[in-house]
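**Q** Submitted below is the structure of interest, expressed as structure tokens.
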Amino acid sequence: MTERKLYENITTGEERALYGLRNADVVACNFEGEEDGESALKECIGIDVLRCNFRLRYPFWHCTDFSLRECKLDKGVRAPLWYCKNGKFEDCEILDVKALRECENMSFKKCTATSTEFGWRCRGVHIEQSEVTSEYFLFESRDIKLDNFTLNGKYSFQYVSNVTIRNSVLDTKDAFWHAKNVVVRNSVINGEYLAWYAENITFENCDIR
């Protein structure tokens, strides 16, 4: 069995600083600097990232089987999570315009995110005990589970399919446009336009305002 490597207390702004890591722990590192390097952890597999700060573009592209805990992805990251698979996030803060796109099997717990285009064209998104502010939330995504979730949005859940939402508050101008196979339970939906052109959508014990 390959021994895990540890990268700790590193501050770097280099291009692809830790590109292609395998089976490694990245702890208390800062990815920033005048070099303005991109793709710090691109194409990594089996990495655990703890208490790190990211301020440079595209840090996690094409990553697989990875986790982030107690991390901050600042506004400078620009599209931090694209084309990833099997990612877990806990106690993280994500600040970016296009935070999550074309990813598969991504889970978020106790996280906050502010991202105009969060979760576009993803498959298998599970979010719990978290809050997201996003104008276009989960556009064309599928296989979604939200629990104890708060959304501050505008045009949310457009063209989604296979969605289960529980114990949540959805504050969004428009929701579930062209959505398919959606169940919302024990939740509050506050907005203006609801479920236009939707198919097979159920609201159970909800407060719809």
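**Q** Over the range 10-53, how many percent of alpha carbon pairs lie in each 10 Å bin up to the one with the longest distance?
**A** 30, 60, 10
**Q** Over the chain, what is the relative contact order in percent, taking alpha-carbon pairs closer than 8 angstrom and at least six residues apart?
**A** Numbers: 737 pairs, mean separation 19.8, N = 209.
The value is 9 percent.
**Q** In nm, what is the difference between 0.36 nm times the number of residues separating ARG51 and ARG123 and their Cα-Cα distance?
**A** On the way: separation 72, 0.36 × 72 = 25.92 nm, distance 2.69 nm.
The ARG51-ARG123 span can extend by a further 23.2 nm.
**Q** Oh, and also: Of all alpha-carbon pairs in the range 68-142, indicate the percentage at a distance above 17 angstrom. Don't jump to the answer; show the numbers that get you there.
**A** On the way: 932 of 2775 pairs.
Of all Cα-Cα pairs in the range 68-142, 34 percent lie more than 17 Å apart.
**Q** Let me ask something else. Mind checking which lysines have their Cα closer than 29 Å to the Cα of LYS72? Skip sequence neighbours fewer than 8 apart in that chain.
**A** Within reach: LYS5, LYS42, LYS85, LYS88, LYS98, LYS109, LYS110, LYS145, LYS154, LYS173.
**Q** Give a residue-ordered list of calculated ³J(HN,Hα) values for the range 175-181 (Karplus: 6.51 cos²θ - 1.76 cosθ + 1.60, θ = phi - 60°; whole Hz; x for Gly, Pro).
**A** 9, 6, 6, 6, 7, 9, 6
**Q** If Lys and Arg each add +1 and Asp and Glu each add -1, what is the summed charge of the other residues whose beta carbon sits under 10 Å from the beta carbon of GLU32? Don't skip to the answer; put the middle values down first.
**A** Working: positive: ARG55; negative: GLU34, GLU35, ASP36, ASP74.
It works out to a net charge of -3.
Just so you know, all these numbers are worked out from the coordinates, no wet-lab data involved. Being a predicted model, the structure only gives us computed values, none of them experimental. When we count neighbours, we look across all protein chains shown, and the Cβ atoms used for this are built from the backbone with ideal geometry, even at glycine.
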